[in-house]
Amino acid sequence: MILKVKSTNKNTGEEISYELEGNADAGFLYEGTHMQEVADNKIREANNNLILLGSPIYTIKSGESETIENMTFVIEIKAE
């Protein structure tokens, strides 16, 4: 499954968009790298929020969309 991720930093307004590929059992990769080992700090920080307990990345189905919001980010996820 492919997850299209759009992360908006609430403090700066900066937006980043990227894709994760994989599944809830095997994990998700960004350009072939595990989502927690991505070199780009901004993407890794958003990914760290996505792996928290109760995150929709573990239950989302293809065609669905979800939004996560915390103190720093609004993260929109669309599964394809």
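One table, with the values for the structure above:
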{"read-out": "Hits in segment 48-80 - residues which are assigned to a strand (DSSP E or B) and closer than 18 Å to residue 23 by Cβ", "value": "65, 66, 77, 78, 79"}
{"read-out": "Qualifying positions in segment 37-47 - surrounded by 13 or more Cβ atoms within 10 Å (Cβ to Cβ) and either assigned to a helix (DSSP H, G or I) or among the β-branched types (Val, Ile, Thr) (or both)", "value": "38, 42, 43, 44, 45, 46, 47"}
{"read-out": "Selection status of residue 28, in contact with a Lys or Arg (Cβ under 7 Å, 6 or more places away or on another chain) and open to solvent by less than 40 Å² (accessible area, probe 1.4 Å)", "value": "no"}
{"read-out": "Unmet criterion (only one of (1) loosely packed, with under 12 Cβ neighbours inside 10 Å; (2) in contact with a Leu (Cβ under 9 Å, 6 or more places away or on another chain); (3) among the basic types (Lys, Arg)) for residue 61", "value": "(2)"}
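The values are calculated or read from the model by the stated rules, or taken from the named source; none is laboratory data. The structure presented is a predicted model; accordingly, all values stated were derived computationally and were not measured. Heads up, the Cβs are rebuilt from the backbone with ideal geometry, glycines too, and the neighbour counts pull from every protein chain shown. Surface accessibility is based on the protein's heavy atoms, side chains included, excluding ligands, DNA and RNA. Shrake-Rupley method; radii C 1.70, N 1.55, O 1.52, S 1.80 Å.
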